[in-house]
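Structure record follows, encoded as structure tokens.
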Amino acid sequence: MPTPSTYLTEIEAPLRVEVDALPGLTLLEFGTDWCGHCRAAQSVVTEVLALYPQWRHLKIEDGSGRALGRSFGVRLWPTLVLLQDGQELARWVRPAAAAQIKAALSTI
């Protein structure tokens with residue numbers, strides 16, 4: 001699945017109940033377009049998604065009071081949350097290298 005180029009706004013983003021019902025593997029990426037850490041992590045996200053094309057990828061714009069990010073306890077951007085059938089398998093906060101994600105996946 002291609003990497004979305006922009007974040008889904010609060011109006012466009014799915015509700016938590018919808019995310020919990022998603023089948024298969026889903027990578028949620030919480031952040032913003034203006035966040036330097038988020039922009040820096042895009043190469044990491046792109047590299048990982050190229051290795052795992054079966055993952056659904058949702059970029060969710062986060063911020064103060066955003067329900068979906070708060071329901072996942074997001075505090076720093078970017079935060080990546082990998083779900084399997086709506087259940088959290090792994091989480092990465094400000095990943096600096098694809099190797100971090102690949103290493104964590106090898107233990108799942």
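W77 meets the conditions (1) closer than 13 Å to R16 by Cα; (2) in contact with a helix residue (DSSP H, G or I) (Cβ under 7 Å, 6 or more places away or on another chain); (3) not in a helix (DSSP H, G or I) in every case but one. The failed one is (1). Every condition in (1) at pLDDT 95 or above; (2) loosely packed, with under 14 Cβ neighbours inside 10 Å; (3) touching a Leu at 6+ places or on another chain (Cβ under 7 Å); (4) not aromatic (F, W, Y) is met by L76 except one, and the failing one is (3). Regarding D62, is this residue in contact with a helix residue (DSSP H, G or I) (Cβ under 6 Å, 6 or more places away or on another chain) and acidic (D, E)? Yes.
Residue pairs whose Cβ atoms lie under 9 Å apart, sitting 6 or more positions apart in sequence or on different chains, and linking a residue in segment 34-55 that is more than 13 Å from R94 (Cβ to Cβ) to a partner that is at pLDDT 95 or above and exposed (fewer than 15 other Cβ atoms within 10 Å of the Cβ), are Q54/G24; W55/G24. For segment 80-101, a residue qualifies if it is among the polar types (S, T, N, Q) and more than 24 Å from R16 (Cα to Cα), and exactly one does: Q100. Select from segment 25-67 the residues that are of a type in the set (D, E) and within 15 Å of T6 (Cα to Cα) and write down the one among them that is surrounded by the most Cβ atoms within 10 Å (Cβ to Cβ). Per the criteria, the residue is D62.
The values are calculated or read from the model by the stated rules, or taken from the named source; none is laboratory data. In this text the structure is predicted, and so the values were computed from the model without any measurement. Cβ coordinates were reconstructed from backbone atoms using ideal geometry, including for glycine residues, and neighbour counts include every protein chain displayed.
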